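In what follows, a structure is listed as structure tokens, so that the remarks can point back to it.
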Amino acid sequence: MDSSQLHVAILSSPGMGHLIPVLVLGNRLATHHNIKVTILAITTSSSSAETEFLKKSNGKKTIEIIPVPSVDISHLIDSSTKVFTQLRLLVREALPGIHSVIASMNHRPDALIVDIFCTQILPIAEEFNIPKYAYHPTTAWTISLALYCQVLDKEIEGEYVDLKEPLKIPGCKALRVDDVVDPLLDRSDQQYEEYIKLGMEYASFDGILINTWEDLEPETIKALRNNDKLRSVLKVPDFPIYPIGPLRRTIETTERDEVIQWLDKQNHESVLYVSFGSGGTLSSQQIIELAWGLELSQQKFVWVIRPPCDGDADSAYFNSAEKEMREYLPEGFLTRTKDMGLVVPMWAKQVEILGHSSVGGFLSHCGWNSTVESLTNGVPMIAWPLYAEQKMNAAMLAEEVGVAIRPEILPAKKVVRREEIEGMVRMLMQTNEGKGIREKAKKLKMSAENALNEGGSSCNSICELVKDIRSRLL
């Protein structure tokens, strides 16, 4: 390795939704800035998809991936322990393994970048005297809440969900209590305490990277940089904020599978893509209503389906059993819709699908990876948030950015009926109102491209980050 070449280590928590943005960031730093990138990926024993993804990604020459062995947290959790808490505990228990990996490196990293669940690495970074940056792979609005929640925790009594007024974050859009992130739903749950700690840890880094861009969230980014009340929680006076997005996966294969071949035969922007991400599942009843809604809409569709989960959303995050689709879809659905749509079990090539000219809408859980992949392809959305920060994402997309519509009542609170689903699909795909939303999505696509082009706001932001890392070596 060239002695002048920077070495950056990026730490990823378990889960495909966390691995993907870390790998995309690593590839960007390696290919655009000639940085040696080492990804430290904390693994779990339950996800075969994750293991396969890591193996495939490690075959690339641009970055090195070092799996951090999975740890046993069974003695620290029970059946009620939420995913947010489990992920924090997994990282906490993996810290000795992470310490060993860094200690054994011939060339210690010149900087450590950690994802949202790995902020507990602070003592290790300080021990090795390595500059440390947090990577928040979602929106500026959600990190504003995470940072400011330590203030809200002191100011507000009782449960947030019982408040009559929205939560006020200085300089940012107010947050309706219905749309708060999951850890704020119950202040007596351990995940609330972990969330407060996360915000406090964020404030102790040397800077924060956010997978957003200035045109998407101008007011919130301005508040993070300039609002004294919001910035009062930060430990460093000139604390830098780096909007570096929208970073997303690229199409890696020209192989045209069954889904892409089917899309090739459809009309321009005529197909609705339906998927709830790598960890999203619906109840049995909701799957039946969604199936009927799609059928009644008479709109072409590709639906990536996972077996139902009739517990809470958390219970399906780490694992999802495969079942025969006919067991949980309405009787005769696959036969009746065989000329209208494709139902794909478990997984599909989402980046390729959203980039296909036949796709004109995306019914999505609003996980930020999926959202970015939709927006950068100019595809408008039906927002169907399930867990984590997805309700905030849906609110922003529908109300502030204007590229999505959403059900009247949150899907996490009540089953969305077939008639409403039919209406939303028809509205997005067949009406003038839907056409207007699609035009906004296309303008946003151009804005996203400009942000990452040379001289664009996010391109400049990444350059500032690299410059800051180099300045700390002097």
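Nothing in this text is a laboratory measurement; each read-out follows from the coordinates by a stated rule. The model shown is predicted, which means the values in this text are computed figures rather than measured ones. Glycine also receives a Cβ, built like all others from the backbone with ideal geometry; neighbour counts cover every protein chain displayed.
A few points about this structure:
- Cα radius of gyration and Dmax for the range 118-232 (Å): 14.6, 47
- Nearest 10 degrees, 0 to 90: helix 457-471 Cα axis against the chain principal axis: 20
- Using Cβ point charges alone (K and R +1, D and E -1), the dipole size of the chain about the Cα centre works out to roughly 1020 debye.
- Rg and Dmax [Cα atoms of the range 359-474; Å; Rg one decimal, Dmax integer]: 17.4, 63
- Alpha-carbon spread of the range 101-149, three principal axes, descending order, Å: 39, 17, 15
- Cα-based equivalent ellipsoid, the chain: semi-axes from gyration tensor eigenvalues, Å: 35, 25, 23
- DSSP-assigned coil residues among chymotrypsin sites (Phe, Trp or Tyr not before Pro) in the range 328-382, each with at most 12 further Cβ atoms within 10 Å: Trp347
- Stokes-Einstein D (µm²/s) once Rh is taken as the Kirkwood radius of the range 159-202 over alpha-carbon pairs, at 10 °C in 1.306 mPa s: 141
- Per-residue packing, averaged as other Cβ atoms within 10 Å, sorts the ranges 155-166, 261-272 into the order 261-272, 155-166, beginning with the highest.
- For the range 407-474 versus the range 177-195, the inter-centroid distance based on Cα atoms is 25 Å.
- Estimated from helical segments only, the mean residue ellipticity of the chain at 222 nm is -12500 deg cm²/dmol, where each DSSP H run of four or more residues counts as -39500 (n - 2.57).
- Each of the peptides 387-397, 66-76, 144-154 was scored by the mean count of other Cβ atoms within 10 Å over its residues; in descending order, highest first, they stand as 387-397, 144-154, 66-76.
- Inter-centroid distance (Cα atoms) of the range 254-277 relative to the range 78-127, Å: 39
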